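What follows is a single structure, written as structure tokens, with notes after it.
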Amino acid sequence: ELSHVAGLGGEQVITLLTQNLTKNPYETARYMRLGRAMEMLKQKDVLIEQVAADCGFPSPNRFIAAFYQEFKITPQEYILAED
């Protein structure tokens, strides 16, 4: 969609974004999904499985791994720290 709006090829958009952001577009989208997940985890009685699904992760395990890789804490530890 970005390449269409900008009138550029997909590779050009990826190159421009990568040069101007600290993360490539995939990493940026993943980080944004994880940020949304953090907000959802602040809610009481939220299920990690539901957060994973709502944030576009293919499985709870992939979500937990991505969350830990980015923040060095598991989603469950994050929930407990918020209490």
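For the reader, a short list of remarks on this structure follows.
- Mean accessible surface per residue for the chain, computed with a 1.4 Å probe while every protein chain stays in place, in Å²: 72
- Relative to the longest principal axis of the Cα atoms of the chain, helix 25-41 runs at roughly 30 degrees.
- Portion, in percent, of the accessible area of the chain that falls on carbon or sulfur, probe 1.4 Å: 55
- Relative counts (whole %) of C-alpha pair distances in the chain, using bins that are 10 Å wide: 17, 41, 23, 15, 3
- Phi angles of region 43-59 translate, via the Karplus equation with coefficients 6.51, -1.76, 1.60 and θ = phi - 60°, into HN-Hα couplings of 6, 6, 6, 8, 8, 4, 4, 6, 4, 4, 5, 5, 9, x, 8, x, 7 Hz per residue; Gly and Pro are given as x.
- Within straight-line cross-link reach of residue 44, aspartates and glutamates at Cα separation under 18 Å, skipping those fewer than 8 residues along the same chain: 54, 77, 82, 83
- Lysines whose Cα lies under 19 Å from that of residue 23, excluding same-chain neighbours fewer than 8 positions away: 72
- Using just its DSSP H runs of length 4 or more, each adding -39500 (n - 2.57), the chain gives a mean residue ellipticity at 222 nm of -21000 deg cm²/dmol after division by all residues.
- Of the trypsin sites (Lys or Arg not before Pro) in region 39-69, the ones in a loop by DSSP (not H, G, I, E or B) with at most 12 other beta carbons within 10 Å are 42, 44.
The values are calculated or read from the model by the stated rules, or taken from the named source; none is laboratory data. In this text the structure is predicted, and so the values were computed from the model without any measurement. Glycine gets a Cβ as well: all are built from the backbone with ideal geometry, and neighbour counts include every protein chain shown. Ligands, DNA and RNA are stripped out before the accessible areas are found, and what is left, the full protein with its side chains, is counted by its heavy atoms. Shrake-Rupley method; radii C 1.70, N 1.55, O 1.52, S 1.80 Å.
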